[in-house]
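Contents: one structure, followed by commentary.
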Amino acid sequence: MGDTFKERLGNSLSGFNRFGIQISHGTILAFAALALILFIAFTIRLLPLRWENLAGGTSFLNEFDPYYQFSATKHMVDNGLLSPYYPTPWINPMKWYPVGLDMSTLLPALPMTAATLYGFVSLFANIDLMTFCAILPAFMAAVSCLVMYFVGKDMGGKAVGLLAALFLAVAPSFLQRSSLGFFDTEVPGVLGLVLFIFFFMRSIDSNRSLKGSLIYSLGAGLALAYFISGWGAAYYIIALASLFVFVMVLLKRYTQRLLVSYSITFGLALMIGTKVPYIGLNYLVSGVILPVAAVFLVLVVAELMRNNISIQNKLTLAVVSLVAIVGSFVGLWLTGSFTSLAGKFITVLNPFIRASSPLVDSVAEQRLSGWGNIYIELGIGILFFLIGLYFTLRNPTNRNIFLLLFATTSLYFATSMVRLLVIFAPAYAIIAAIGILGTITPFIALLKGSSKTVAKSKRKMLRVSREYSGLAVLIIFVLVVSNLAFSPQSGGMPRSVAQAYTPTAISGASLPVGGAGLLEPITVWIDAVTWLQENAKSTDVVVMWWDYGNWLSDLGNVTSLADNTTVNGTQIANVGFIYMGNEDQSMAMLSTYGQKNVKYIAIFTVLYIPSSGTEDSYYAYPAGYGDEGKWMWMARISGQDKQRFIDQGFISEADAWVDENAFGQAPSGGGWEWNARGDNTTIALLLNYAEVVYCWNMGNYGLTITPDRELEPPKYFEPIYFGGINTSPFQYGRLVPLVVIYEIQWDLYNADHP
């Protein structure tokens, strides 16, 4: 049977030989493995479809920021690709009331890509735009893994390429930020990153023809331009490429091809990038882009020094260049020409800057990475990463020098900000692949009995027998497979499945749930935005903490005060004040936005219902996943504007606050104890009403649930919608999500404050 299959395979391949095409069995296996990896990369990211409304033909986006990208995409589909930018900037009136949100500040790569591909796909199939945008990240991630294969292949051969593609496909950070619905900037960012590395490293390869180098340089420039116009983290790869070229000059590896490739790549990328309205020409004088010009000058000097000029002239040229570079930086610094475009980049270099801003520090993805984050990302694969660093350092080719710089700098950035683990993922994938291949190759050679390899390895391996070699290969295989298929850090579930097998944020009501235990979506938020669509007008302003602003405007079809774009820190502080003030103070702040349109205020809270030890008797406690866990950030962010609120007359000096400590304390046993002032805050009243009424309602189901406080109903906020009130405490693992919308009683307030 085996001979028959081999003969058939040989006959099928002979058909290619007639056309001068020769395909080896190894090539077929490599392409088959690559196809399987791409299939895994795509399908594993679609696992959240289990909880989406496929019967209705729609799928929601994940998290919050993707809805901002989606609103621009929809506008482009309806009005043209340039409509948010030309002829006049599009101001979205449903965001950041009353000013609206200037959508021309959006980086265009992702929405333009989605709008273009959607227009093409729509010619052949009728698909909902949001569903298309939800699936697109999985497709682009598979393309990124394909490019990673070629990058790895150039670095260490087909085996390295396949392993690198596999590791990127299942990297937890990349998987999380490219799974179903994660329609955000990291998707074009990672694709632009790996494309740039592929093209740029080939462009400086001296073994290629000049024509080939020029073509690859153009490709690198276009890839970098796509990265610049898609994700602000492009600062990183620009700085990395400049550093790499500078190191090449220091190591006396300068070539004319390096100058040509660098000039074309950055010239084309910056020419295109500066045409993006949000970026503009100011990008060229930002603190991270100026080194690009400095390195270009270094390359020019290196080229001039290759000519036969005197030592005195070389020294003069070097001194003049150094003075010009330093003088330019000093002059721009003193004149204030450095723009703030690289502000976030600087905060990554120095993460302690972020800690001083409660608004920035309140975002989980912008915090420092803990050891737990690194362990979840790497697992036991960190051993192969370290081994790969050794093999890469031992063979300092141009590609390996770039790889070392890429690995070390991206690792620093990843530890500085959790979100940037996704930039480290490609570097880890390649170096871990090199580590595995470098470790296993000698043992494979011994098993095959390769005399040449054995002779080279004999001194180091001391005549390792074939049995021990086989055992070593088995151990390495088990380590790799266990890292991919069984991970103790995720309860035994494969890391890739654990990261992807969760519903989108709105389908899971922002709860930490997923896996086989969740049989259907948690619809409390979906029901709430549907109620708003059906019962509120698009001009009605709904006040809610800024996390949920995009859900309100893009799904609820109402107007919000603030959202995840965080373009107006002052208004976010105002929203924080609305929740942390007493009802009179809150209503006074709400009045500044106009009583005509500001109709509703809403809260999202999650209760935890542990058993009291008595049958059908339970207690309710704040779980911390909703506003009951976010109110402290409301206090801290609004507390930063304490003096402004005093000056504007919203609060007195005696009543002002700086942080949450003005409203109570955290006892040693955990939780939070409100003081008298805390009990009287608007957020406490709104949360208290939701909790107590839910507990009372459970009495209709024969359950006795005791709230942690007595009912203190708000005066000026009348509940009009109560989402999740009939949710069983056992339905979602004793977690009960509630969305309560209150109608603002302006008539009553005006009667009390004539």
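Structure summary
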quantity: Pairs with Cβ under 7 Å, 6+ apart, first in the stretch 649-665 and outside the structural domain of residue 588 (by TED's automatic domain parsing), second modelled with pLDDT under 90 and part of a loop (DSSP other than H, G, I, E, B); calculated: none
quantity: Single residue of the stretch 560-588 satisfying the filter (of a type in the set (A, V, I, L, M, F, W, C) and within 24 Å of residue 536 (Cα to Cα)) that is surrounded by the fewest Cβ atoms within 10 Å (Cβ to Cβ); calculated: 588
quantity: Members of the stretch 486-542 found to be polar (S, T, N, Q), at pLDDT 90 or above and not in a loop (DSSP other than H, G, I, E, B), listed by number; calculated: 530, 533, 535
quantity: Filter result (under 13 Å from residue 239 (Cβ atoms) and either part of a helix (DSSP H, G or I) or among the aromatic types (Phe, Trp, Tyr) (or both)) within the stretch 261-292; calculated: 266, 290, 291, 292
quantity: Single condition residue 653 does not satisfy, out of (1) at pLDDT 90 or above; (2) within 38 Å of the chain's Cα centre (by Cα); (3) assigned to a loop (DSSP other than H, G, I, E, B); (4) among the acidic types (Asp, Glu); calculated: (2)
quantity: Considering residues of the stretch 655-679 that are over 23 Å from residue 575 (Cβ atoms) and of a type in the set (A, V, I, L, M) only, the residue surrounded by the fewest Cβ atoms within 10 Å (Cβ to Cβ); calculated: 676
quantity: Qualifying residue in the stretch 583-593 (condition: closer than 23 Å to residue 505 by Cα and polar (S, T, N, Q)); calculated: no
quantity: Filter result for residue 241 (within 25 Å of the chain's Cα centre (by Cα), within 18 Å of residue 302 (Cα to Cα) and buried (at least 24 other Cβ atoms within 10 Å of the Cβ)); calculated: yes
quantity: Strands (runs of 3 or more DSSP E) enclosed by the stretch 680-754 - at least 2 residues per element that are at pLDDT 95 or above and buried (at least 18 other Cβ atoms within 10 Å of the Cβ); calculated: 717-723, 735-744
quantity: Check on residue 82, surrounded by fewer than 18 Cβ atoms within 10 Å (Cβ to Cβ), under 22 Å from residue 227 (Cα atoms) and not assigned by TED's automatic domain parsing to the domain that holds residue 189; calculated: yes
quantity: Test for residue 407: is it surrounded by fewer than 23 Cβ atoms within 10 Å (Cβ to Cβ), hydrophobic (A, V, I, L, M, F, W, C) and at pLDDT 90 or above; calculated: yes
quantity: Positions within the stretch 372-431 being closer than 20 Å to residue 175 by Cβ and either among the charged types (D, E, K, R) or in contact with a His (Cβ under 8 Å, 6 or more places away or on another chain) (or both), in sequence order; calculated: 377, 419
quantity: Among (1) modelled with pLDDT of 90 or more; (2) more than 26 Å from the chain's Cα centre (by Cα), the one test that residue 107 misses; calculated: (2)
quantity: Those residues of the stretch 244-272 which are aromatic (Phe, Trp, Tyr) and buried (at least 17 other Cβ atoms within 10 Å of the Cβ), in sequence order; calculated: 244, 254, 262, 266
quantity: Residue within the stretch 130-152 that is among the polar types (S, T, N, Q), part of a helix (DSSP H, G or I) and farther than 20 Å from residue 419 by Cβ present; calculated: yes
quantity: Candidates 747, 752, 708 - the one that is within 15 Å of residue 608 (Cα to Cα) and of a type in the set (Asp, Glu); calculated: 708
quantity: Identity of the residue in the stretch 274-308, among the aromatic types (Phe, Trp, Tyr) and touching a residue at least 40 places away in the same chain (Cβ under 8 Å), that ends up nearest to residue 86 (Cα to Cα); calculated: 278
quantity: Residue 524 in contact with a Lys or Arg (Cβ under 9 Å, 6 or more places away or on another chain) and in contact (Cβ under 8 Å) with a residue 40 or more places away in the chain; calculated: no
quantity: Of all residues making up the stretch 609-633, the number that are part of a strand (DSSP E or B) and at pLDDT below 85; calculated: 5
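Let's see how each residue does on (1) touching a Pro at 6+ places or on another chain (Cβ under 6 Å); (2) closer than 25 Å to residue 564 by Cα; (3) at pLDDT 95 or above; (4) part of a loop (DSSP other than H, G, I, E, B):
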| site | (1), (2), (3), (4) |
| --- | --- |
| 38 | no, no, yes, no |
| 44 | no, no, no, no |
| 47 | no, no, no, no |
| 54 | no, no, no, yes |
| 59 | no, yes, no, yes |
| 70 | no, yes, yes, no |
| 77 | no, yes, yes, no |
| 86 | no, yes, no, yes |
| 95 | no, yes, yes, yes |
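The values are calculated or read from the model by the stated rules, or taken from the named source; none is laboratory data. These numbers come from a predicted model, not from an experiment. Please note: Cβ atoms are built from the backbone with ideal geometry, for glycine as well, and neighbour counts cover all protein chains shown.
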